Amino acid sequence: MIQELRHLTHLTQVQLAETLGVTYETINRWENGRVQPLPLALRQIRSIVDQLTQSPSKVLHEGGRALLTNIFQGRKDVDGR
């Protein structure tokens with residue numbers, strides 16, 4: 001999910017880390033599956049994905065929708081439902 005988000009937004013691991021307020025190493029561990037993002041980080045990631053779905057760019061909009069459907073749908077720790 002993290003790597004897909006980075007590719008969609010054209011961010012490097014360092015840039016995404018800065019955006020989320022975490023270290024590059026954290027992003028790398030998430031992408032390699034060594035650890036999972038904590039709920040707070042998932043909410044921040046969800047916020048980025050939500051912004052993508054509002055993009056006028058068809059690619060970003062559809063990519064954001066796909067991430068919402070595939071990753072975040074029904075997660076109580078992210079959407080509060």
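Structure notes:
- For region 11-80, the Cα gyration tensor yields ellipsoid semi-axes of 20, 16, 10 Å (square root of five times each eigenvalue, largest first, whole Å).
- Relative contact order computed over region 2-73 (Cα-Cα under 8 Å; 6+ residues apart), in percent: 24
- Legend: ranking of residues S55, S47 from fewest to most surrounding C-beta atoms inside 10 Å; resulting order S47, S55.
- Debye, to nearest 20: dipole size of region 2-73, +1 on Lys, Arg Cβ, -1 on Asp, Glu Cβ: 120
Computed from the coordinates by the stated procedures, all read-outs in this text should not be read as laboratory data. Everything numeric here is computed off the predicted structure, so don't read it as measured data. With ideal geometry, Cβ positions are generated from the backbone for all residues, glycine too; neighbour counts draw on all protein chains shown.
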